Amino acid sequence: EPTLKETFAASLPHKIEQVKALRAAHGEDKLQETTMNMVYGGQRGMINLIWEGSVLDPEEGIKFRGYSIPEISEKLPKAPNSSQPLPEGMFWLLLTGEIPTAAQVKALSAELHARSTLPEHVSEILAHTPKDLHPMAQLCLAVNALESESSFAKAYDRGLAKSDYWQYVFEDSLDLIAKLPTVAAIIYRNVFHDGVVAATDANLDYSANFSKQLGYNSEEFAELMRMYLTIHTDHEGGNVSAHTTHLVGSTLSSPYLSLAAGFNGLAGPLHGKANQEVLGWLLKLKEVIGANGGKAEVEAYLRETLSSGRVVPGYGHAVLRKTDPRYSAQRLFAQKHLPDFPLFKLVSQVYEIAPKILAEKQKIKNPWPNVDAHSGVLLQYYGLTEQSYYTVLFAVSRAFGVLPQLIIDRAYGLPLERPKSFSTEKLAEKFKFK
Ligand code: NMX
Ligand code: MLT
């Protein structure tokens with residue numbers, strides 16, 4: 001059966017032709033009107049990127065190459081006795097648009113394993129990093145330091161034809177994904193445990209191996225990781241981590257530097273760090289309402305969060321207008337594996353109450369929960385209680401979504417990203433506004 005690189009290369013001429021024909025037919029047609037509010041308002045609703053892996057529907061949520069989360073759970077290959085899809089298969093799907101066979105995913109897992117060794121200087125940098133430096137800052141440091149391994153950067157320095165860029169970006173992307181679990185596990189074990197990381201195990205799938213390196217050996221935790229790493233991969237192109245990776249990549253910075261830039265964006269509390277924020281917010285809620293807290297206490301806590309000018313973490317979204325299906329997938333997992341866990345019950349209670357309270361504030365466009373409202377509680381149940389680490393897990397998954405697009409960007413020959421900006425004076429002048 002063809003490998004991932006062969007499958008992608010075979011699909012490329014047709015895709016490039018399709019893009020060419022579409023642009024020839026409609027290249028000068030208007031896509032939409034843009035307004036000044038869009039420019040001042042964080043570009044909400046402005047279509048300004050090509051992103052092949054996924055498209056986000058405000059009502060239905062994310063579709064990966066056209067497949068919903070329940071559909072990918074059904075169609076993507078699974079580990080033996082597992083009911084969760086393998087994220088390796090998701091990488092294949094996001095890059096090629098095709099569902100791989102079980103044998104193809106197995107071969108990809110093996111290839112990732114073979115590429116997983118870290119250069120010594122990266123482990124050394126992490127060993128000398130202060131333990132109180134946030135795990136996301138450590139991750140960004142390590143991914144930047146991995147740049148030494150970039151075959152794209154080396155080939156570019158030697159002199160590389162534009163038509164060959166993607167091949168090297170592909171190699172770097174696979175290497176990066178292969179090395180991330182060890183990097184992430186070193187950070188976890190250094191900061192919170194004994195600094196000892198288990199050797200990679202070639203007999204395990206990516207998620208089971210990562211779980212083991214983190215120090216969690218149960219099959220149920222590996223199941224959680226398979227789901228977690230699959231659903232956090234991709235959320236179309238406009239989110240900050242995806243957009244940033246793509247933007248920096250357009251300068252022909254290597255995949256290492258581009259991904260690190262994306263991770264820096266993921267580290268913000270309005271983006272990936274919301275999963276850490278949610279846990280802190282929930283634990284405080286638990287403390288405030290005590291053992292017998294009911295609806296009224298939860299409502300009061302929500303109102304107090306809002307009236308103090310803070311956001312309710314894990315709720316709201318720039319595009320979504322309904323419950324995030326990634327939240328629903330995690331809720332299903334919790335209902336199956338930890339239905340009586342008190343913190344899950346609290347998450348469910350907040351779900352019953354928060355949308356109504358948030359909807360009272362007219363300015364909040366989406367009162368429903370997003371992916372981050374649920375992920376922490378699952379990790380808490382299995383003993384991974386260190387909240388400041390949670391965004392690192394999100395990051396490992398996000399690499400599976402943003403790197404396929406980086407390969408596609410270079411395969412399509414997309415140019416340097418460089419939109420036009422205006423000053424307020426210039427805008428006022430345009431509208432003859434005094
Ligand atoms: N709690 C309180 N206020 C909110 C919330 C919330 N959960 N969501 C939106 N708002 C406010 C928002 O701060 C803004 O206020 P202001 O005009 O005073 O600046 C107003 O409502 C309008 O915002 P929206 O247009 O509804 O949302 P926007 O697209 O600007 O922002 C988020 C989207 C996700 C940044 C926002 O909903 C939020 O801050 N949520 C909490 C943080 C969070 O869960 N982030 C994770 C998102 C998912 N991810 O992984 O990245
Ligand atoms: C994401 O997964 O990137 C978040 O839901 C944020 C977004 O899509 O804007």
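At what distance in nm do the modelled label points of VAL196 and GLU28 sit from each other, each positioned 7 Å from its Cα along Cα→Cβ?
7.0
Radius of gyration and Dmax for the range 180-239's Cα atoms, expressed in Å?
Expressed in Å, the Cα Rg and Dmax of the range 180-239 come to 12.6, 39.
Of all the C-alpha pairs in the range 44-85, what % are more than 15 Å from each other?
Tail of the P(r) past 15 Å holds 54 percent of the pairs.
Students often check this: by mean Cβ neighbours within 10 Å, which of 303-315, 11-23 ranks highest, and how do the rest follow? Let's see the in-between values first.
Numbers: 303-315: 15.6, 11-23: 11.8.
Result, highest mean first: 303-315, 11-23.
Evaluate the chain: find the radius of gyration of its Cα atoms, find its Kirkwood radius, and give the ratio Rg to Rh.
For the chain, the value is 0.97.
Looking at the P(r) of the range 1-104, how many percent of alpha-carbon pairs lie beyond 16 Å?
69
Please sort 345-355, 110-120 by packing, taking for each peptide the average over its residues of neighbouring beta carbons within 10 angstrom, highest first. Walk me through the intermediate numbers first.
Values: 345-355: 17.5, 110-120: 15.5.
Packing order, densest peptide first, comes out as 345-355, 110-120.
Provide the net charge surrounding THR391, with neighbours chosen by a C-beta distance below 10 Å and charges set as Lys +1, Arg +1, Asp -1, Glu -1.
Numbers: positive: LYS273, ARG398; negative: GLU277, ASP372.
Counting the neighbours of THR391, the net charge comes to 0.
With a 10 Å radius around each residue's Cβ, average the other Cβ atoms per peptide and rank 141-147, 278-284, highest first.
Result, highest mean first: 141-147, 278-284.
Quick one: what do you get for the range 204-270 if you divide its Cα Rg by 2.2 N^0.38 Å?
With N residues counted in the range 204-270, Rg over 2.2 N^0.38 Å equals 1.35.
Could you tell me what a quarter of the Cα convex hull surface of the range 200-334 works out to, in nm² with one decimal place?
11.3
Within the chain, which whole H helices from DSSP have a Cα span along their axis of at least 20 Å and a mean Kyte-Doolittle hydropathy of 0.0 or more, if any?
The qualifying helices are 165-192, 274-289, 342-359, 390-412.
Using the Karplus curve 6.51 cos²θ - 1.76 cosθ + 1.60 with θ = phi - 60°, work out ³J(HN,Hα) for each residue of the range 73-79 in order, rounded to whole Hz, and write x for Gly and Pro.
Coupling constants for the range 73-79: 4, 7, 8, 6, x, 10, 6 Hz.
Under a Cβ-only charge scheme (Lys and Arg +1, Asp and Glu -1), can you give me the dipole magnitude of the chain about the Cα centre, in debye to the nearest 20?
My answer is approximately 1300 debye.
Can you give the translational diffusion coefficient of the range 80-143 in µm²/s, computed by Stokes-Einstein from the Kirkwood radius over Cα pairs at 37 °C and 0.692 mPa s?
Working: Rh = 14.5 Å.
D, rounded to a whole number, is 227 µm²/s.
With a Cα-only, solvent-free Debye model of the range 285-367, what are the log10 I(q)/I(0) values at q = 0.22, 0.26 Å⁻¹?
So the normalised log intensities work out to -1.16, -1.35.
Rounded to whole Å and sorted largest first, list the principal axis extents of the Cα atoms in the range 102-239.
For the range 102-239, the Cα spread along each principal axis is 47, 40, 33 Å.
Average the reciprocal distances over every distinct pair of alpha-carbons in the range 344-412, invert the result, and give the Kirkwood radius in Å.
Over the range 344-412, the inverse of the mean reciprocal pair distance is 14.9 Å.
Where a number appears in this text, it was derived from the coordinates with a stated rule and is not lab data. From a predicted model like this one, the values you see are computed outputs, not experimental measurements. All Cβ positions, glycine included, derive from the backbone under ideal geometry; neighbour counts span all protein chains shown.
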